[in-house]
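Just below is one structure, and these are the notes that go with it.
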Amino acid sequence: MTATAPTAPTGRRTGAGGGADAERTVVLGRPGQRWQFSTQWEMLELADGSLFFNSTYADHRAISVPPEALRRILRMIEDSRPTLEAVADRITGTATPDVVGRIERLLLPLAKAGILVPLRDDRRPEWADDDLAERFSTQIEWLGTLSTTPHGHWDYFARLRDASVAVIGLGGAGSLLALALAAAGIGRLTLVDGDTVEVSNLTRQILYSPRQAGLGKADCLARQLERFSPYTRYRVLRQYVSSPGDVQDGIEGADFVAVCADAPRFLLNRWIDTVCKRNAVPYLGAFAGSVGPMYRPGAPGCFGCFEERLREELGVRHDMVVDALAAKQSWRYPAFVAGPLTVAHLMTTEIVLHLTGAAKPSSAGGIVRYRHPGTVVEPFPGHPGCTCSPTPDTAPVPT
């Protein structure tokens, strides 16, 4: 076997629809580990001799002039999902460390791209019965596309089952987010809102109906979610958030807080920022098509950083603006159903990535902004004047 390693596959790296577009840290040399193509990818051998790797997420990669040995190895992996030792033995008649090492070098670019992954372990953990496995089967497949270990899909799903998320504000984005998190299998949801259903809001609050007008959103949503998924436990708080104490009540026992309420304007975000930092609970907020930054304990980027930037921009007027916003009793924004749908989608993906640890969320150190016709991620490194930015004396010790 004299083939040299090919260049990394080239092509679009869109990461659309949830596909990870970053290179992975992988270990190919685990003895006895079998390999397969990710369920996200398929290999096509084109008439011009190139290898084309097509993804279900509208992504593609290609190797224009693949070594013949690589072509043979990939056919074996596609057909029988072998170990690298078995591949070496079939090609050269021996599985010495040197031969296996050369095969590893051939396959490493494809493994880093997530095209080749360890053969998934289909054994279910004891806590996953038949009904649970069937209900969440396609999502577990998706989690498998983010994993670099044979059992990673179940490990990720277990973290979602063990997680508790508080959703503060159950309007357009918040109600849809709660539904999506239940669909994802989050173990426990706290639903916080003291508002009632209004017909004029149904253009964006599409989980409610006209005959529920005047009823509490929290109760209406909880009943619908209980019918939708018995796999999530629901805690209902029928109250507005009017103080830091209300925030503390709402996030009790939560592993993550989703901020979807918009009143009292600005003060609410301050309270959540303060209380979540005190309790070391991560949170993610959204407003007007923007999601983030996500606050993670020990990492820069939070609402406090955002406020520090506003103070630099507005000077002494900043606190006057905050006071004026808090005093305003009513306001009305133009609304279109796509806004809450988009925000709920972005927040769901970000929260699931954080809770599973499958990949770094885009809003961790960034703000995801949806503007027609596309979505952009703006870097948000935090502000040195904010308490969330670690200093040499306060930075967490690596473990």
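Distant-in-sequence amide contacts of M294, defined by a placed amide H-H separation under 5 Å and a gap of 5 or more residues or a different chain, comprise A364, G365, G366.
Sequentially through segment 364-370, phi angles give Karplus couplings (6.51, -1.76, 1.60; θ = phi - 60°) of 7, x, x, 10, 8, 10, 9 Hz, Gly and Pro residues having no value and appearing as x.
Entry for the chain at q = 0.07 Å⁻¹: log10 I(q)/I(0) = -0.41, Debye formula applied to identical alpha-carbon scatterers, no solvent contribution. Taking the 0 to 90 degree range and rounding to the nearest ten, how far is the long axis of helix 317-327 tilted relative to the main principal axis of the chain, both from C-alpha atoms? Approximately 70 degrees, to the nearest 10.
Highest mobility in the GNM of the chain, judged by mean-square fluctuation with C-alpha springs under 10 Å and restricted to G253, G292, G144, is found for G253. W127 exposes around 120 Å² of accessible area when a 1.4 Å probe is run over every protein chain in place. Loop-located GluC sites (Glu not before Pro) in segment 125-230 (DSSP state not H, G, I, E or B) with no more than 10 neighbouring Cβ atoms inside 10 Å: E126.
Computed over the alpha-carbon atoms, segment 29-105 gives an Rg to Rh ratio of 0.99, Rh here being the Kirkwood radius from the mean inverse distance.
The H on the amide N of T190, modeled in the peptide plane, is under 5 Å from the matching H of V165, A166, V167, R235, each at least 5 residues off or on a different chain.
Taking a ≥ b ≥ c as the square roots of the Cα gyration tensor eigenvalues, with a/c under 1.5 meaning rounded and otherwise prolate when a/b beats b/c, else oblate, which class fits segment 135-239? Could the numbers behind the result be given before it?
Values: a/c = 2.90, a/b = 2.32, b/c = 1.25.
Since a/c reaches 1.5 and a/b is larger than b/c, the shape of segment 135-239 is classed as prolate.
Taking G174, G49, G301 as the candidate residues, the one with maximal mean-square fluctuation in a Gaussian network model of the chain, Cα springs under 10 Å, is G49.
In this view, the solvent-accessible surface of K328, computed with a 1.4 Å probe and all protein chains in place, comes to about 100 Å².
Whole-percent P(r), segment 184-253, all Cα pairs, 5 Å bins from 0: 3, 16, 24, 22, 19, 14, 3.
Coupling constants for segment 225-235 follow from the phi torsions by the Karplus curve (6.51 cos²θ - 1.76 cosθ + 1.60, θ = phi - 60°), and in residue order they are 5, 5, 5, 6, 8, x, 8, 10, 9, 10, 10 Hz; glycine and proline get x.
Only Cα pairs within less than 10 Å get springs; with that Gaussian network setup on the chain, which residue of D98, D48, D255 has the largest fluctuation? Comparing D98, D48, D255 in a Gaussian network model of the chain, the most mobile one is D48.
Within the chain, antiparallel bridges make up roughly 60 percent of the DSSP beta bridges whose residues both belong there.
Put simply, the amide H of L116, placed in the peptide plane, has neighbours under 5 Å in S38, A111, leaving out anything fewer than 5 places away on its chain. Computed over segment 37-170, the convex hull of the alpha-carbon atoms projects to a mean area of 11.4 nm². Computed from backbone phi, the HN-Hα couplings of segment 208-224 come to 9, 10, x, 6, 9, 4, x, 8, x, 4, 4, 5, 4, 5, 4, 4, 5 Hz, rounded to whole numbers (Karplus: 6.51 cos²θ - 1.76 cosθ + 1.60, θ = phi - 60°; Gly and Pro given as x).
The values are calculated or read from the model by the stated rules, or taken from the named source; none is laboratory data. On a predicted model such as this, the values are computed, not experimentally measured, just so you know. A quick note on method: Cβ atoms are made from the backbone with ideal geometry, for glycine too, and the neighbour counts reach across all protein chains shown. Just so you know, the surface numbers come from the protein's heavy atoms only, side chains and all, with ligands and any DNA or RNA stripped out. Shrake-Rupley method; radii C 1.70, N 1.55, O 1.52, S 1.80 Å.
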